[in-house]
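**Q** Please read through the structure below; I'll follow up with questions.
The values are calculated or read from the model by the stated rules, or taken from the named source; none is laboratory data. Treat the numbers as computed from the prediction; the structure is a model and nothing was measured. Note that we place each Cβ from the backbone using ideal geometry, even for glycine, and neighbour counts take in every protein chain shown.
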Ligand SMILES: C[S@@+](CC[C@H](N)C(=O)[O-])C[C@H]1O[C@@H](n2cnc3c(N)ncnc32)[C@H](O)[C@@H]1O
């Protein structure tokens, strides 16, 4: 395995529990996957009285997956009385205070932990590019909306902020990085899964109609991010160097790219025993755009919508601004940027929204 970093710099979600408050759409996506997770558990044979071992990789503050784990713990308890362990893992920069607060009932979120005895939540700062658990110890690994974050950008994109707008050699560099990072994630999980264990991953993708996050009709969200930064560049608000550093270290795999190492018998992943059981794409509409259809208030929509965007890309954009600027100046640029986006949404509400496009997949580790 290469010695590349385990996480790009500057990648953090909104802190203090704001992530889950702002990203109701991510919760909708996880809730939609509950039947898939329960069905995967039904195919796992626990041995004797060993405890159930689960992981939630890229969990952020844990608020969006509370109902998933409530369903899982109840489901397992109907099967047997074995203890249940859920390891919440995220990169070390994650806001673990918010996670602990949400899990242990210090916030407005309703945690499932007090509802059943012998359910243990454990926090881990290990990246999913690293080992998280001991060899052969995991029954089911879960992850939602996290594995599009690469270990780092292979290079800057000269005229866009995201690989969905990259071309030629620049796109090839991201394809290569995406392939390597996906294989690394799978190989790490192959080691820690028990034989017969399962992975349920819900990952951003480019679907069969080339739809992807924020590109499901109307304004293409990533093109809009880019057009706004390019206009800041041409107005002299930011420098070329800052614009270049705004490349988001992400890759959206297609279904074929996700499937390839799990179907190719010569791949290391296949040799490590991982098999693709099923993969399907689905679009979950932007909840803020859906609400707008009911309330019809464009300002209200724009104001509610922008925090969901900020929750995942502000740290990268803000981190690209030069340290030669004062902190105040950087804050003003970032505020002006998101205000511009908010004004655009308020002016043309029917054109905006961040529809979620995911690949839902179940992967098994072969027995014997
Ligand atoms: C959009 S949030 C998803 C949170 C939650 N799973 C959900 O679906 O609502 C993405 C999460 O992935 C985490 N992440 C990014 N790179 C990671 C890595 N290499 N290892 C573990 N977590 C990572 C981020 O810190 C963030 O918490």
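**Q** If a residue must be surrounded by 17 or more Cβ atoms within 10 Å (Cβ to Cβ) and at pLDDT below 90, how many such residues does segment 25-54 contain?
**A** Final tally of qualifying residues: 2.
**Q** Among 113, 99, which is in contact with a strand residue (DSSP E or B) (Cβ under 9 Å, 6 or more places away or on another chain), farther than 28 Å from residue 277 by Cα and within 16 Å of the ligand (Cβ to nearest atom)?
**A** Of the residues listed, the single one that is in contact with a strand residue (DSSP E or B) (Cβ under 9 Å, 6 or more places away or on another chain), farther than 28 Å from residue 277 by Cα and within 16 Å of the ligand (Cβ to nearest atom) is 99.
**Q** Residues in segment 309-329 that are outside any loop (DSSP other than H, G, I, E, B) and farther than 26 Å from residue 220 by Cα: how many?
**A** Of the residues in segment 309-329, 3 are outside any loop (DSSP other than H, G, I, E, B) and farther than 26 Å from residue 220 by Cα.
**Q** Would you be able to tell me the number of residues in segment 323-340 that are touching a helix residue (DSSP H, G or I) at 6+ places or on another chain (Cβ under 6 Å) and touching a residue at least 24 places away in the same chain (Cβ under 8 Å)?
**A** Going through segment 323-340 one residue at a time, the tally reaches 2.
**Q** One residue is enough: does segment 157-178 have a residue meeting the conditions within 12 Å of the ligand (Cβ to nearest atom) and either under 14 Å from residue 57 (Cα atoms) or touching a helix residue (DSSP H, G or I) at 6+ places or on another chain (Cβ under 7 Å) (or both)?
**A** No, that holds for no residue.
**Q** Among the residues of segment 117-132, write down those that are more than 7 Å from the ligand (Cβ to nearest atom), out of contact with any strand residue (DSSP E or B) (no Cβ under 6 Å at 6 or more places or on another chain) and more than 25 Å from residue 78 (Cβ to Cβ).
**A** Listed by number, the residues that qualify are 125, 130, 131.
**Q** Here is a follow-up. Could you list, in sequence order, the residues of segment 193-217 that are in contact with a strand residue (DSSP E or B) (Cβ under 7 Å, 6 or more places away or on another chain) and surrounded by fewer than 16 Cβ atoms within 10 Å (Cβ to Cβ)?
**A** If the condition is that a residue be in contact with a strand residue (DSSP E or B) (Cβ under 7 Å, 6 or more places away or on another chain) and surrounded by fewer than 16 Cβ atoms within 10 Å (Cβ to Cβ), then 195, 208 are the ones that fit.
**Q** Okay, moving on. Would you pick out the residues in segment 119-130 that are more than 21 Å from residue 69 (Cα to Cα) and either out of contact with any helix residue (DSSP H, G or I) (no Cβ under 6 Å at 6 or more places or on another chain) or free of Cβ contacts under 8 Å to residues at least 40 places away in the same chain (or both)?
**A** 130
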